[in-house]
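Report on one structure; see the data block that follows.
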Amino acid sequence: MDDDVRPVTDESHQHVEHMGHLEHTESDAEATEIWREILTGKVKGLTRTRKLIGWIPAGPRCKLCEAPMKPPGSVVLRPFGFGPSAYNRRLCRCCFKEINGRPGGAEIELSLLFADVRGSTGLAERMAAHEFSRLISRFYGAAGRVVENWNGLIDKFVGDEVVALFIPGFAGDDHASRAIGAARELMRETGNGGGEPWVPIGAGVHTGVAFVGSIGEGEDWDFTAVGDAVNTTARLASSAGAGEILVSRAAAQAAGLNGGLETRTLELRGRDESVDAVVARA
């Protein structure tokens, strides 16, 4: 391998070595701090790693370290363990290995996007089961591509709903803008930008503090987010009409969303306090 490639691989291992300490931490406080560094993108050496790896030609990149996931760039780093993970196409093997299956996490500010199909019960009644399945699969596929385009992570597909996380360490400090941008693109991709949509959806976007990490015990775990911010986003999405994106005041302010949009004060189920939101569209 050429000499000018070695500094890239050496530097790119710094953040992986630091992340690897998760396995050997002696206290919950230390583990939590390391998780916070991962989730906020402040892992030692990570910024420099991204700059050094960034020059390598690539298509999709690891959402955390930006290692190339496909040739020709991936060929350079594959011997060092930076190839695409077989379990999560948005992370390289190194990054996935270090966060996979280790219970723990940290409270961080992030942005969340929930989007679900409006009137899915009626649609299911009018369609054959296999046709409805294809419709939902198409919706999942569109959502996955859009979220990836905006540097988000799909948390889960549940029934007729998509849940996406825009974590600072993956999406950047402008995670609120990216979540709103993803919601708008998803509206366009599903035909909710005007005319008759091929699937009617409503969405909610919120920025707040949640616990993010690998949650569970033994073999039963999941990388997800939990907390009031998650519940608030879910309630926003369920209150949105077809073609609507209900953006909480917190997310709108974080994204610098321009004024002039319709505002609503929502009494959300399960919450004692009302939530102010603006109505965005495709």
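Filtering the range 135-181 to residues that are over 23 Å from residue 36 (Cβ atoms) and among the polar types (S, T, N, Q) leaves 137, 149. Taken over the range 41-50, residues that are open to solvent by 40 Å² or more (accessible area, probe 1.4 Å), within 24 Å of residue 165 (Cα to Cα) and assigned to a helix (DSSP H, G or I) amount to 2. Looking across the range 250-262, the residues that are open to solvent by 80 Å² or more (accessible area, probe 1.4 Å) and more than 13 Å from residue 176 (Cα to Cα) come down to 258, 260, 262.
Name every residue in the range 263-281 that is over 24 Å from the mean Cα position of the chain (by Cα), in a strand (DSSP E or B) and surrounded by 11 or more Cβ atoms within 10 Å (Cβ to Cβ), in order of residue number. Across the range 263-281, the qualifying residues are 263, 264, 266.
Among residues of the range 208-247 being polar (S, T, N, Q) and open to solvent by 10 Å² or more (accessible area, probe 1.4 Å), the one that is farthest from the chain's Cα centre (by Cα) is 239. Note on the range 62-94: among residues that are touching a Leu at 6+ places or on another chain (Cβ under 6 Å) and either modelled with pLDDT of 80 or more or β-branched (Val, Ile, Thr) (or both), the one that is farthest from residue 237 (Cα to Cα) is 67.
Residues in the range 76-87 that are open to solvent by 80 Å² or more (accessible area, probe 1.4 Å) and in a helix (DSSP H, G or I): 78, 79. Within the range 182-225, the residues that satisfy the criterion of being modelled with pLDDT of 95 or more, more than 14 Å from residue 114 (Cβ to Cβ) and not polar (S, T, N, Q) are 184, 185, 188, 189, 191, 197, 198, 199, 200, 209, 211, 212. A single entry from 191, 141 fulfils the requirement of being open to solvent by 10 Å² or more (accessible area, probe 1.4 Å) and in contact with a Pro (Cβ under 6 Å, 6 or more places away or on another chain): 191.
The values are calculated or read from the model by the stated rules, or taken from the named source; none is laboratory data. Predicted, not measured: the structure shown is a model, and the values here were computed from it. Please note: Cβ atoms are built from the backbone with ideal geometry, for glycine as well, and neighbour counts cover all protein chains shown. SASA here: full protein model, heavy atoms, side chains in, ligands and nucleic acids out. Shrake-Rupley method; radii C 1.70, N 1.55, O 1.52, S 1.80 Å.
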